[in-house]
Amino acid sequence: MSEVSGSDVHMADGAKMVEDIDVERIMRMIPHRYPFLMIDRVRSLTPSVRAVGVKNVTINEPFFQGHFPPKPIMPGVLLIEAMAQTAAVLVVHTLDMIDQGKLVYFMTVDNTRFRKPVIPGDVVELHVDVVKSRGPVWKFNGVAKVGDAICAQSDFSAMIVDPPEPPAAG
């Protein structure tokens, strides 16, 4: 039985774009949980090609308590993490690994630029494109945007790994 989540759209090149992956499905795809789950949904995904994640930034985010209380700004490294989580959903979906508990680890972060602060009330779109994949290693280009403004951009790579085995009962 196939599972339906969101709607599927067939592209001219035969690729099957998925629209609207909700947070419940995201949590079946990646291990991140509050307070470190940085994406609320994936708006669109074309397997092996690209994905667009969404982060709704609210004043209730725990990092705003210390970054910076008089003028809250989302830490730039968390924008990169949100791009990486979007990329992890893209990889897990592409390889049909939902509910398998796979981990996607950062390997490199390059050419990173922070352009505009992200503040409470912003809706950040996380545009992630696959640059290359070979075996378990994937390379991406990511851009975080609020509206048409680029807030951050980065090239990064990641590797798919099995989770560590739990220690033997003893």
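The values are calculated or read from the model by the stated rules, or taken from the named source; none is laboratory data. This structure is a prediction, so every number in the text was calculated from the model and none was measured. Counting neighbours? That spans all protein chains shown, and the Cβs are built from the backbone with ideal geometry, glycine included. Just so you know, the surface numbers come from the protein's heavy atoms only, side chains and all, with ligands and any DNA or RNA stripped out. Shrake-Rupley method; radii C 1.70, N 1.55, O 1.52, S 1.80 Å.
Got a number for residues in the stretch 100-111 being among the β-branched types (Val, Ile, Thr) and under 12 Å from residue 140 (Cα atoms)?
The number of residues fulfilling the criteria is 2.
Could you list, ordered by first residue, the pairs with Cβ atoms under 6 Å in which the first is in the stretch 55-76 and more than 13 Å from residue 123 (Cα to Cα) and the second is aliphatic (A, V, I, L, M), at least 6 apart or interchain?
Short answer, once both residue conditions are applied: 76/152.
Return the residues of the stretch 34-62 that are of a type in the set (Ser, Thr, Tyr), open to solvent by 40 Å² or more (accessible area, probe 1.4 Å) and either touching a Lys or Arg at 6+ places or on another chain (Cβ under 9 Å) or in a strand (DSSP E or B) (or both); say none if nothing qualifies.
Scanning the stretch 34-62 gives no hits.
Of the residues 28, 115, which is more than 23 Å from residue 136 (Cβ to Cβ) and modelled with pLDDT of 95 or more?
115
Which ones in the stretch 109-124 are within 28 Å of residue 161 (Cβ to Cβ) and either of a type in the set (Phe, Trp, Tyr) or surrounded by 12 or more Cβ atoms within 10 Å (Cβ to Cβ) (or both)?
The answer is 109, 112, 124.
When only residues in the stretch 126-155 that are among the basic types (Lys, Arg) and buried (at least 16 other Cβ atoms within 10 Å of the Cβ) count, which is farthest from residue 84 (Cα to Cα)?
145
Could you tell me how many of the residues in the stretch 136-170 are over 20 Å from residue 93 (Cβ atoms) and among the charged types (D, E, K, R)?
So the answer is 4.
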